[in-house]
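A short write-up of the structure that comes next.
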Amino acid sequence: MHVISVMNYKGGVGKTTITANLAAELANRGYRVLLIDIDPQTNLTLSFITPGEWEKYYANTKTIREWFNSFEEGLSPVDLKRLIFTPPKVNQRLQQLGATGQVDMIASHLELINIDLELAVQLSSASLRQAVRNFLRVHGRLAQGLGQLEKERYQFVLIDCPNNLNIVTKTAIVASDYLLIPTKADYLSTLGIGYLNNSLDNLKRDYNEYVKVDEGKSARAINPRVLGVIFNMIQVYAESPIATQRSYMEKLKSLRLPIFDTYLRENKTCYATSPEFGIPTVLSNGFCENVVSDIKSFASEFVHKLGTINPKF
Ligand SMILES: Nc1ncnc2c1ncn2[C@@H]1O[C@H](COP(=O)(O)OP(=O)(O)OP(=O)(O)O)[C@@H](O)[C@H]1O
Ligand SMILES: [Mg+2]
């Protein structure tokens, strides 16, 4: 099971769109994929089910909010498996296509925004020993949940993160093997990537330092790494990205982070409408050929990269 968090400090760069399409394409290739939406905007959730369905079937009892809430004193523990559901529309489409894979999901909740405050309170402590324990416990929460899913045979868990590095997002990093960083090729979108990479290193260092000194020995060292930066919303002229975008694509190389060879071209019409119908664009019928071919090459490179890093995959 590979756990991948999709993140960038910058909003609107395509994190959710890429997460939804990648999951659909992986399932189309026969993989079992679990999506976890930890963004209180609930955009990924609402790309697969309608707001009415969310309200009726999930909002009150079946979102990732229940998992984080269950650690409050006096509440009974929640099984993360209980929060998983299989969104019908995308999976019906996969069946029509004869795919053997599946997309499952844990929905988000608008109130997730308040959970960060609660987690911050749980971090506070009177003694150093307790501070270490609280840090590991709080940051390790999602990892602990995913530990319950080992028998579920998911090849991929994709976590759609909000555009900030609050505590909930940090729990995703701690739970992850890899980070996938979508970006536009412009100044402001690329600016935060170096900073994100430093934050990743700092969190890894602090967490692993605490693991070493923790007397309870309950947590394991972590090593989340950047799988790659994927450029999105690229405008192409004469089969190449336009000059301004190309220059930002070049500049990013100085950070020495892995970058996907594939870039995703801009196509407002195709990407904008698909969330409303609950089926990502890559599974659309015959329209949007550019989008389908971009996502397919990206998915191939994604699987190839993981296979290169981890030959057992
Ligand atoms: N390649 C693309 N071409 C054109 N439009 C795109 C492309 N990728 C994404 N979009 C559009 O850009 C908008 C933002 O995308 P998305 O919601 O996926 O970004 P995000 O990074 O998840 O945003 P947030 O930070 O708010 O979570 C959406 O309207 C989406 O349809
Ligand atoms: Mg999003």
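The values are calculated or read from the model by the stated rules, or taken from the named source; none is laboratory data. Please read all numbers here as calculations on a predicted model, not as lab measurements. Please note: Cβ atoms are built from the backbone with ideal geometry, for glycine as well, and neighbour counts cover all protein chains shown. Areas reflect the complete protein model, heavy atoms only, side chains present, ligands, DNA and RNA absent. Shrake-Rupley method; radii C 1.70, N 1.55, O 1.52, S 1.80 Å.
Yes or no: Tyr58 at pLDDT 95 or above, farther than 25 Å from Leu306 by Cβ and aromatic (Phe, Trp, Tyr)? Yes, satisfied. Just so you know, in segment 258-313 the residues that are free of Cβ contacts under 8 Å to residues at least 40 places away in the same chain and of a type in the set (Asp, Glu) include one that is surrounded by the most Cβ atoms within 10 Å (Cβ to Cβ), and it is Asp294.
The single condition from (1) in contact with a helix residue (DSSP H, G or I) (Cβ under 7 Å, 6 or more places away or on another chain); (2) part of a helix (DSSP H, G or I); (3) modelled with pLDDT of 95 or more; (4) under 25 Å from Lys305 (Cα atoms) that Leu252 fails is (3).
In this structure, Thr308 does satisfy being within 30 Å of Arg141 (Cα to Cα) and in a helix (DSSP H, G or I). Screening segment 13-115 for helices (runs of 4 or more DSSP H) wholly inside it with 3 or more residues that are open to solvent by less than 30 Å² (accessible area, probe 1.4 Å) and not hydrophobic (A, V, I, L, M, F, W, C) returns the ranges 15-28.
In segment 7-24, the residues that are farther than 16 Å from Val226 by Cα reach residues that are in a helix (DSSP H, G or I) and within 7 Å of ligand 1 (Cβ to nearest atom) with C-beta atoms within less than 7 angstrom, at least six apart or across chains, in these pairs: Thr17/Tyr271.
Here is a yes/no grid of residues against (1) of a type in the set (A, V, I, L, M, F, W, C); (2) within 16 Å of ligand 2 (Cβ to nearest atom); (3) under 24 Å from Arg265 (Cβ atoms); (4) within 14 Å of the chain's Cα centre (by Cα):
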site	(1), (2), (3), (4)
Gly14	no, yes, yes, yes
Ile18	yes, yes, yes, yes
Ala23	yes, yes, yes, yes
Arg29	no, no, yes, no
Asp39	no, yes, no, yes
Thr50	no, no, no, no
Tyr57	no, no, no, no
Ile64	yes, yes, no, yes
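Looking only at segment 1-12, residues that are farther than 24 Å from Leu94 by Cα and either part of a helix (DSSP H, G or I) or not aliphatic (A, V, I, L, M) (or both) come to 5 in all.
Is it true that some residue in segment 50-57 is over 16 Å from Gly278 (Cα atoms) and not aromatic (Phe, Trp, Tyr)? Taking every residue of segment 50-57 in turn, at least one turns out to be over 16 Å from Gly278 (Cα atoms) and not aromatic (Phe, Trp, Tyr).
Taking segment 228-263 as the range and being acidic (Asp, Glu) and either farther than 14 Å from Thr183 by Cβ or within 16 Å of ligand 1 (Cβ to nearest atom) (or both) as the test, the residues that pass are Glu239, Asp261.
Annotation: of all residues in segment 1-12 being open to solvent by less than 10 Å² (accessible area, probe 1.4 Å) and more than 8 Å from the chain's Cα centre (by Cα), the one that is farthest from ligand 1 (Cβ to nearest atom) is Val3.
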